[in-house]
Amino acid sequence: MYNQSFSFYFKKLLIILLLTGFTQCHEKSEQPFASADNGGLFLPDNFEAVVVVDSLPGRARHLAVSENGDVYVKNRYAANGKAITALRDTDGDGKADEMEMFGENLKERGYGTEMRIHNGYLYFSTEMVVGRYKLTPGDLMPKSDMEVVLTDDHAHGMHEHITKPIAFDNKGYMYVPYGAPSNACQEPKRTPGAPGQDPCPQLEDHGGIWRFDASKTNLTQADGEKFATGIRSVVAIDWSPDDNLYIVMHGRDDLLRLWANKFSPWQSAMLPSEEFLKVTEGADFGWPYCYYDQMQGKKVLAPEYGGDGNMIDRCADFELPVMGFPGHWAPNDLFFYQGDQFPERYKNGAFVAFHGSTNRAPYSQSGYFIAFVPFENGRPNGNFEVFADGFAGMDTIVNVSDAVYRPMGIAMGPDGSLYISETEKGKVWRIMYKGDNTNFGEVQLAAMENHKQMAHIKTPDEIEDNLEKGQKVAGEKVYYTYCAACHQGNGLGDSQRFPPLADSEWVTGDKNKLIEVVLKGLEGPIKVKGKDYNSLMPQHSFLTDEQVSEVLTYIRKNFGNQASAISAEEVKAMRVSIK
């Protein structure tokens, strides 16, 4: 009797094990094969990547993935007049073989950001509008018309931080940042030595996060309530598994350009921190009066308000970040992982997409990778890890235009795979884990830890890693102090906000027009080499006639330009006529 019973249960156990094994093997076989070299990405051991799509007509910002695996991408620019691209993989190889576009008549200038699925709706944003489409399960394209959820009804003119990312809580609310319309509340904007306005009037209806009833449409800011303030610029935002709102904030710029008497090029490259913030109702994080110094581990007074890089003063009254990343890495998406495919280490932790710096000269541009931040008991557990690297296609990045790809959006598929989008070509990857979930730790992460020593991630040595060692000619010195942060060392700009100087009709054309731009600044839409730009060129009237002459002669004779020199006398005459 005992033997029969044992035999019966043994057979039953064997059948269960066989079925379980078959199911696991079947699940593994469902994951597509990786692309060669993981599509250019470096990943921890046993992670693989397949390229979903190599490029998109409108390039890409954020993305979302539906329950059946369809991928929706927010175009960086409207392509064929349409703002959203929908992708479908019909044969299970992980690669998109159907592509449709929709979202017509939506003006874009590269800042439209959001792409999120919530309660059966596909949400997206342009610079001025949050909209949504009702999705029909199983259908790639929405059948409904677009609904306008929120309109930014401010008369902005040139607004510096106009993205509209969104997050939803579990209580029926939608959260939308209204970015600060300046760098540090100076008047005039971004002018060396100019003090900040105190109190800053921009905090009345910008520089914070507003909360709205997520069930309503046709909203404006007046229909919401201010949830938190003192927040400069947000693109990365997500609601955490423990029911809290988190953001990674873009810190202020131009410590060297605006305050060369107080900050070195190295300090300006490293500071201020990109702050990882836990945002609670009523919180104030101190912009524009303060910024976080991740190296000192404290919030310090901004130079526009009398700070010297060390003074705390009123900053003791503001909230601190839960973590500080190095300056200018450009955190452009935040995603808390709650899937089951990845090892337990990743459960409830945060992935951050760093789009990469533009203004770290004279050091390597930095960022351009996906970081992972482990969480424990509702807070980051130690330092960040490098999860995915290789986007830039190089290590030392002198100019932002040198980077092949720049990571932007993060989303999770129904099987727990992670999808990553990038902005320069519109490439999308799907990252999968194919190892043993119970045997993953420091050994599998060792190679990625070494990536922290690469030039585009590490803290640079102030002397040895300076890419501009040696004395520059006069015009070049002025250029790298005041101009290169935007227009880059190669004069090509950043392809999005800052126009090129190379072969530019603005540079090689009318001398007086060029001098006027430097002395008065320029704000609003312009065309350069047939492409639209809408950014702020601050006035540089504080430069001497000789300095303006030197820097304009430099740009007219470099970057492939071959225009005539500009004399100090010509600058002086133009300065008098402007006055």
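The values are calculated or read from the model by the stated rules, or taken from the named source; none is laboratory data. Note that the structure is a prediction, hence the values are computed from the model and not measured. All Cβ positions, even for glycine, are placed from backbone atoms using ideal geometry, and neighbour counts span all protein chains on display. With ligands, DNA and RNA removed, areas are computed over all heavy atoms of the protein, side chains included. Shrake-Rupley method; radii C 1.70, N 1.55, O 1.52, S 1.80 Å.
Residues that are crowded, with 24+ Cβ neighbours inside 10 Å number at least 3 in the following strands (runs of 3 or more DSSP E) confined to segment 207-291: 233-239, 245-250, 274-279. Picking from residues in segment 414-428 that are assigned to a loop (DSSP other than H, G, I, E, B) and among the acidic types (Asp, Glu), the one that is nearest to Gly339 (Cα to Cα) is Asp415.
Each row is one residue, and each column tells you yes or no for (1) open to solvent by 60 Å² or more (accessible area, probe 1.4 Å); (2) among the basic types (Lys, Arg).
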position	(1), (2)
Gly39	no, no
Asp45	yes, no
Ala49	no, no
Asp54	yes, no
Leu63	no, no
Val71	no, no
Asn80	yes, no
Arg88	no, yes
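The residues in segment 302-331 that are outside any loop (DSSP other than H, G, I, E, B), under 22 Å from Leu245 (Cα atoms) and open to solvent by less than 10 Å² (accessible area, probe 1.4 Å) can be counted, and the count is 2. It is to be established whether one or more residues within segment 391-409 are buried (at least 22 other Cβ atoms within 10 Å of the Cβ), at positive phi and at pLDDT 95 or above. So far as segment 391-409 goes, no, none of its residues is buried (at least 22 other Cβ atoms within 10 Å of the Cβ), at positive phi and at pLDDT 95 or above.
Among the residues of segment 191-206, what is the count of those that are in a loop (DSSP other than H, G, I, E, B) and without any contact (Cβ under 8 Å) to a residue 60 or more places away in the chain? Result for segment 191-206: 4. Can you find a residue that is open to solvent by 60 Å² or more (accessible area, probe 1.4 Å), assigned to a strand (DSSP E or B) and touching a residue at least 60 places away in the same chain (Cβ under 8 Å) anywhere in segment 146-165? Yes, that holds for at least one residue. Contact annotation: residue pairs with Cβ atoms under 7 Å, 6 or more positions apart or on different chains, pairing a residue in segment 66-89 that is touching a residue at least 12 places away in the same chain (Cβ under 8 Å) and farther than 16 Å from Lys134 by Cβ with a partner that is surrounded by fewer than 19 Cβ atoms within 10 Å (Cβ to Cβ) and aromatic (Phe, Trp, Tyr), are Lys82/Phe102.
In segment 332-353, which residue that is buried (at least 20 other Cβ atoms within 10 Å of the Cβ) and without any contact (Cβ under 8 Å) to a residue 60 or more places away in the chain is farthest from Val279 (Cα to Cα)? Looking at the filtered set, the residue picked out is Tyr346. Residue count for segment 390-413 under the criterion of being touching a Lys or Arg at 6+ places or on another chain (Cβ under 9 Å) and part of a loop (DSSP other than H, G, I, E, B): the result is 5.
From the list Glu505, Glu468, Glu476, Glu523, which residue is of a type in the set (D, E, K, R) and surrounded by fewer than 15 Cβ atoms within 10 Å (Cβ to Cβ)?
Glu505
From the list Asp169, Asp223, Asp205, Asp213, the one residue that fits, being of a type in the set (D, E, K, R), within 23 Å of Arg132 (Cβ to Cβ) and touching a helix residue (DSSP H, G or I) at 6+ places or on another chain (Cβ under 9 Å), is Asp213.
For segment 530-579, filtering for residues that are out of contact with any Lys or Arg (no Cβ under 9 Å at 6 or more places or on another chain), of a type in the set (D, E, K, R) and under 17 Å from Cys486 (Cα atoms) leaves 1.
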